[in-house]
Amino acid sequence: EAQVTQNPRYLITVTGKKLTVTCSQNMNHEYMSWYRQDPGLGLRQIYYSMNVEVTDKGDVPEGYKVSRKEKRNFPLILESPSPNQTSLYFCASSSWSGGVREETQYFGPGTRLLVL
Amino acid sequence: AQTVTQSQPEMSVQEAETVTLSCTYDTSESDYYLFWYKQPPSRQMILVIRQEAYKQQNATENRFSVNFQKAAKSFSLKISDSQLGDAAMYFCAYRSDYGGATNKLIFGTGTLLAVQP
């Protein structure tokens with residue numbers, strides 16, 4: 001089954017304790033992206049990757065890091081989480097091959113993060 | 001920069017009735033895609049319908065249809081014969097089709113739809 005998986009689904013942590021949210025897709029997609037969802041703000045892009053070792057900032061990258069060492073994985077790293085990073089996080093992927101972008105993005109189930 | 005506006009934070013509809021959710025957007029581009037996503041209480045993001053800007057014909061998916069007015073930059077979603085399972089947050093989203101653009105989706109703030117039995 002084609003899917004995007006995220007782990008963990010729920011996480012409660014404390015300020016300053018490094019954490020990683022994993023994202024994996026089994027569709028051989030080149031493009032992967034992280035969004036955060038906050039009430040009244042919709043979803044906003046944090047980082048994206050157009051292929052292995054190619055990443056770039058989205059609209060709200062402060063306080064986050066990413067890496068893309070393998071095509072299927074795109075972890076989101078919070079090195080020193082703060083309460084303002086309490087949010088619902090989504091990973092998404094889509095095909096981008098030979099300059100042709102697939103219009104549909106596939107979303108993971110979301111990770112709800114609470115930073116105390 | 002492109003923006004997407006959903007001016008209805010909440011809406012309510014009776015089961016079996018029809019409801020229309022509004023979305024407007026701002027862009028200077030001529031090639032783009034528009035989407036409606038549904039987010040039920042499970043928080044999963046589910047694609048409902050998409051519209052290519054170059055197509056004049058409005059997209060339809062079963063009970064879901066859109067009214068795409070390119071000149072007015074309007075993209076409303078009509079849900080016919082509403083069902084209890086349609087209760088969810090609905091997000092309108094924009095994606096540029098400009099050659100140098102990324103696959104970034106620009107989302108509105110959402111409309112929470114309640115369906116009354």
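The values are calculated or read from the model by the stated rules, or taken from the named source; none is laboratory data. Not measured: the values here are computed from a predicted model. So basically every Cβ, Gly included, is an ideal-geometry build from the backbone, and we count neighbours across all protein chains shown.
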Practice item. Evaluate the stretch B:52-59: report whether one residue or more is within 10 Å of another protein chain (Cβ to nearest Cβ) and touching a residue at least 12 places away in the same chain (Cβ under 8 Å). Key: yes
**Study point:** Test: residue in the stretch A:21-36 that is part of a strand (DSSP E or B) and more than 12 Å from the chain's Cα centre (by Cα)
**Key:** no
**Study point:** Residues of the stretch A:91-116 satisfying the condition of being assigned to a strand (DSSP E or B) and either modelled with pLDDT of 95 or more or more than 7 Å from every other protein chain (Cβ to nearest Cβ) (or both)
**Key:** A:Cys91, A:Ala92, A:Ser93, A:Ser97, A:Val100, A:Tyr106, A:Phe107, A:Thr111, A:Arg112, A:Leu113, A:Leu114, A:Val115
Revision key, fill the gap. Only one of B:Ser96, B:Ser65, B:Ser76 is in contact (Cβ under 8 Å) with a residue 40 or more places away in the chain, of a type outside the set (Asp, Glu) and away from every other protein chain (no Cβ under 14 Å), namely B:Ser76
Review point. What single numbered condition from (1) modelled with pLDDT of 95 or more; (2) not in a strand (DSSP E or B) fails to hold for B:Phe75?
Key: (2)
Review point. Out of all the residues in the stretch A:7-20, which are within 11 Å of chain B (Cβ to nearest Cβ) and either within 11 Å of the chain's Cα centre (by Cα) or assigned to a strand (DSSP E or B) (or both)?
Key: A:Tyr10
Review point. Based on what the data block shows, is A:Met50 outside any loop (DSSP other than H, G, I, E, B) and crowded, with 21+ Cβ neighbours inside 10 Å?
Key: no
Review point. Can you name the number of the only condition in (1) at negative phi; (2) in a loop (DSSP other than H, G, I, E, B); (3) touching a Gly at 6+ places or on another chain (Cβ under 9 Å) that B:Cys92 fails?
Key: (2)
Revision key, fill the gap. Matching residues in the stretch A:56-71 (farther than 30 Å from B:Leu112 by Cα and at pLDDT below 95) number 1
Exercise for review: Please work out which one of (1) within 13 Å of chain B (Cβ to nearest Cβ); (2) touching a residue at least 24 places away in the same chain (Cβ under 8 Å); (3) surrounded by fewer than 18 Cβ atoms within 10 Å (Cβ to Cβ); (4) under 13 Å from the mean Cα position of the chain (by Cα) is the condition A:Lys57 fails and give its number.
Suggested key: (2)
Review point. Of the conditions (1) more than 21 Å from A:Arg9 (Cβ to Cβ); (2) more than 12 Å from chain B (Cβ to nearest Cβ); (3) touching a residue at least 12 places away in the same chain (Cβ under 8 Å), A:Tyr48 fails just one. Which one is it?
Key: (2)
Exercise for review: Return yes or no: is A:Val66 surrounded by fewer than 18 Cβ atoms within 10 Å (Cβ to Cβ), among the β-branched types (Val, Ile, Thr) and more than 30 Å from B:Gln8 (Cα to Cα)?
Suggested key: no
Review point. If you take just the strands (runs of 3 or more DSSP E) that sit entirely in the stretch B:1-44, which of them hold at least 2 residues that are of a type in the set (A, V, I, L, M, F, W, C)?
Key: B:10-14, B:19-21, B:32-39
